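Here the structure comes first, spelled out in structure tokens, and everything after it is commentary.
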Amino acid sequence: MRFNKIITLVITVFLLSAFTNVNTPTVIQGYDIGDIATDFSLRNIDGQMVTLADYENVKGFIIIFTCNTCPYAVQYEDRIIALNNKYVDQGFPVIAIMPNNPIIKTGDNPKAMKARATSKGFTFPYLFDEGQKIYPQYGATKTPQVYLLEKTNEGNIVRYIGAIDDNYKDVKLVNTKYVEEAIEALKNGNAIEESKTRTIGCSIKS
Amino acid sequence: MKLLLIFLILLGVSCKTDKHDEVALKLLTVEKTQSIDVPSLEILNYAGLEPYLSKEDSLTYVVNFWATWCAPCVKELPHFEKLNNQYKNQNVEVLLVSLDFPSQYDKKLKPFIEKHQLKSKILVLDDVDQNSWIPKVDSNWDGAIPVTLIYNKRKRQFYDRTFDYAELENELKQFIN
């Protein structure tokens, strides 16, 4: 009798767990425009830890979730370098974060990250989201994905989420440079026209 | 032999005429060699794809957005192939919409289709204006792949997730039963 009860209990628990797992979409809660973005302490390819709070005299940050292995991310590497070169002295440095689990994507391990950054001549930090703690807080789902932050007394406020520009294929055919337009609007105190944009990207491997 | 003859005739013609014909001849020969062993791709912009996402006939459509560079997409592709095979006689059509880069069509996509002997209908979407067409597929989609759309004239659902075969079949059954 008691044995039967245990069996029933086990079956019930099993069924319940089975049903709760089915069809539950994994909704990633992340930042929306206007939210305050978390700071972090992540290791750079040179071994040093990087924290946003360490940056003085900046107006904000161009946080870009990117990686070695996604063709879209690779397609944008030169444009990410150009963004940093253009805006670092204007107070908006690029901070690149690699969010993939390198056990799944071995081409994104820290050694490979360092090799890629060196060969491309990255002029900005390329951080490893070790343990994948940071990208879920931001709500990043893919690479490449940009979060433009404005530094304020209350914290780093999310001002733009999305793509770098509107033509992944050919930089010469770009019509709208979303990130640059957002930064220019911030600098001039104007509203950002397109504060959220979408592109195809590689889902983050966890 | 016949082909060779046509080729020689065209070659002869092109020698006498202007550059346009030479270009035409080149195109012709390229086409000839390609059609022997490589499948031709149906390449569309979003306006061309849109009709495939809004048919109102008696079929149920399972539309999967994928790319050869997307590991989770490649992993679940056999389930869509199996679904197509099992249900093609039950008013179901699987459409595989590739988002591969144009530069990879010949290098990666075609060899991939050949190697895996894909039987489902394959469409290739080449439209850089992603910010405008992604939300048209589904307002909640932010662009990460794989994603899947199942629809018929009565019902429509978008799935921002990966599937195993049982899960996929289970979803489909809710459309055809």
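Which of the pairs B:LYS82/B:LYS108; B:LYS55/B:LYS136; A:LYS120/A:LYS169; A:LYS151/A:LYS205; A:LYS169/A:LYS205 have their Cα atoms more than 27 Å apart in this structure? Spell out each step's value before the answer.
On the way: B:LYS82/B:LYS108 22 Å; B:LYS55/B:LYS136 15 Å; A:LYS120/A:LYS169 19 Å; A:LYS151/A:LYS205 29 Å; A:LYS169/A:LYS205 23 Å.
Too far apart for the 27 Å limit: A:LYS151/A:LYS205.
For n ≥ 4 DSSP H runs only, could you compute -39500 (n - 2.57) per run for chain A, divide by its residues and tell me the 222 nm figure to the nearest 500?
Working: 5 runs with 63 residues, N = 206.
When only DSSP H runs of four or more count, the value is -9500 deg cm²/dmol.
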Test of understanding: what is the full-extension gain from A:GLN48 to A:ASP32, defined as 0.36 nm times their sequence separation minus their Cα-Cα distance? 2.8 nm
Say a paramagnetic label sat at a point 7 Å from the Cα of B:ASN85, along Cα to Cβ; which residues of the stretch B:147-168 have their backbone N under 19 Å from it? B:163-168
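So how much slack lies between B:ILE176 and B:SER40, counting 0.36 nm per residue of separation and subtracting their Cα-Cα distance, in nm? Write down the numbers at each step before the final one.
Values: separation 136, 0.36 × 136 = 48.96 nm, distance 3.14 nm.
My answer for the length gained is 45.8 nm.
Once you have the alpha carbon radius of gyration of chain A, what is it after dividing by 2.2 N^0.38 Å, with N set to its residue count?
Values: Rg = 20.3 Å, N = 206, 2.2 N^0.38 = 16.7 Å.
Dividing the Cα Rg of chain A by 2.2 N^0.38 Å gives 1.22.
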Could you tell me what percent of the DSSP beta bridges with both partners in the stretch B:42-176 are antiparallel, to the nearest 5? 40
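By count of other Cβ within 10 Å, fewest leading, how are A:PHE61, B:PHE112 ordered?
Details: A:PHE61 21, B:PHE112 18.
By the 10 Å Cβ count, ascending, the order reads B:PHE112, A:PHE61.
What full-extension length gain, to one decimal in nm, is calculated for A:ASP89 and A:LYS111 as 0.36 nm per residue of separation minus the Cα-Cα distance?
Details: separation 22, 0.36 × 22 = 7.92 nm, distance 2.88 nm.
Fully extending the segment from A:ASP89 to A:LYS111 adds 5.0 nm.
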Relative contact order in percent for the stretch A:107-206 (Cα pairs under 8 Å, 6+ apart) equals 23
Peptide A:69-77, shielding by other chains (average Cβ, 10 Å cutoff): 2
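How high is the relative contact order of chain A, in percent, counting Cα pairs under 8 Å that sit 6 or more residues apart? The partial results should precede the final answer.
Numbers: 349 pairs, mean separation 51.7, N = 206.
It comes to 25 percent, rounded to a whole number.
For B:SER103 and B:GLU50, FRET efficiency with R0 = 30 Å and r from the beta-carbon atoms, rounded to 0.05?
On the way: r = 25 Å, r/R0 = 0.82.
According to the calculation, E is roughly 0.75.
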Select from A:VAL88, A:ILE64, A:PRO110 the residue farthest towards the positive end of the dipole of chain A; place +1 on Cβ of Lys and Arg, -1 on Cβ of Asp and Glu, and compute about the Cα centre. A:PRO110
Inter-part distance where the stretch B:125-139 and the stretch A:92-163 are each reduced to a Cα centre, Å: 24
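Any read-out appearing in this document is the output of simple, stated calculations on the displayed coordinates, not a laboratory observation. Since this is a predicted model, take the numbers as computed values, not measurements. Virtual Cβ from ideal backbone geometry, glycine too; neighbours counted across all protein chains shown.
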